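Heads up: the structure comes next, in structure tokens.
The values are calculated or read from the model by the stated rules, or taken from the named source; none is laboratory data. What you see is a predicted model, and the numbers here were worked out from it, not measured in a lab. Cβ atoms come from the backbone with ideal geometry, glycine included; neighbour counts cover every protein chain shown. Just so you know, the surface numbers come from the protein's heavy atoms only, side chains and all, with ligands and any DNA or RNA stripped out. Shrake-Rupley method; radii C 1.70, N 1.55, O 1.52, S 1.80 Å.
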Amino acid sequence: SFFILEVKFLRLLTEVLSPAAPAGLRTWLRALRLHQWIKNLLVFVPLLTAHLALDPQAIGRSTLAFLAFGLCASSVYLLNDLLDLPADRAHPRKRMRPFAAGQLSLLAGLALAPVLLAAAFALALATLPERFVLALAAYYLLTLAYSLALKRVEMLDVVVLAALYTARIVAGAFAIEVALSFWLLAFSMFLFLSLALVKRYTELAVMHDHGRREAAGRGYRTDDLPMLGALGAAAGYLAVLVLALYINSANSEALYGQPKALWLLCPLLLYWISRVWLLTQRGRMHDDPLLFAVRDPVSLAVLALGLATVLAAVACVGIIEMFK
């Protein structure tokens, strides 16, 4: 990995001293990928599953964790874009990224990345528990390993992506100091593995549409599309199975009292995953399924119904407690 890093930085040196045209704030915000911070909302998941959504201290800690992850992620995005310049310039869409398009100075990117990383860890060390800081460090190292080498290893790349999404949930639990749920971790890994495969399938389909047999900088060929689709749908359905088993477990009975009220979540999730994969097969999916979800009215409606279902299950507990 260090050898790969050295080679890539040597390539960068041929461009670093070439100044780019002055860039505006919008261009820098694109480079920092602030829109990707929405993924860091996953740190709030333990806040909800532990029923601490009205606890001011827990909300404050989760918000600080969100900010720390955002700064850390933006640092990684800058470094990743600098290291991936050749592959990005060969990609039909990624070639429009600020560094690949020559809109930003490479030297400025190299200088800003460590500043953002230092700010992330300074915030975490000053305000959050030690276990969160360790989780943030593990996330950064795994992300760095992914950027340098792991994303080029077929199938390992999507498992690592699923682990990075799940790591946000783990760190969120550490931030508010609640116990990690086995059910939540299992559900997250299967669901995010499915979404990671959506991402890879979509990227590979674009390569196929442009007459290319292999994805630049990846370990996949267009012949792999049917297998990726089958594996992705299976992973999504396994997430639904984990959810169903959780609803029927002693853990849900302890938290909700009337866990059968949660059964509506299963058909909702089955519908959403099936629809996501249908749109993916039809070539109508954004290559980042989470960003697609927050812009898709149907996905937002499914989310609203899911939240209403959970609130109804919680309300059932409150009503039962009133009559005890």
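Computed about its Cα centre, the charge dipole of segment 147-266 is approximately 180 debye, with only Lys, Arg, Asp and Glu carrying charge at their Cβ. Toward the positive end of the charge dipole of segment 177-319, with +1 on the Cβ of Lys and Arg and -1 on the Cβ of Asp and Glu, the farthest Cα among GLN281, LEU231, SER252 is that of GLN281.
With coordinates expressed along the principal axes, the C-alpha atoms belonging to segment 125-277 extend over 55, 43, 17 Å, beginning with the largest. Entry comment: accessible area of segment 231-276 is 49 Å² per residue, from protein heavy atoms only and a probe of 1.4 Å. To the nearest 10, the accessible area of TRP263 is 110 Å² with a 1.4 Å probe.
Accessible area per residue for segment 113-186 in Å², computed with a 1.4 Å probe and the full protein assembly in place, what is it?
41 Å²
Expressed as a whole percent, the accessible surface of segment 120-199 that belongs to carbon and sulfur atoms is 76, based on a 1.4 Å probe.
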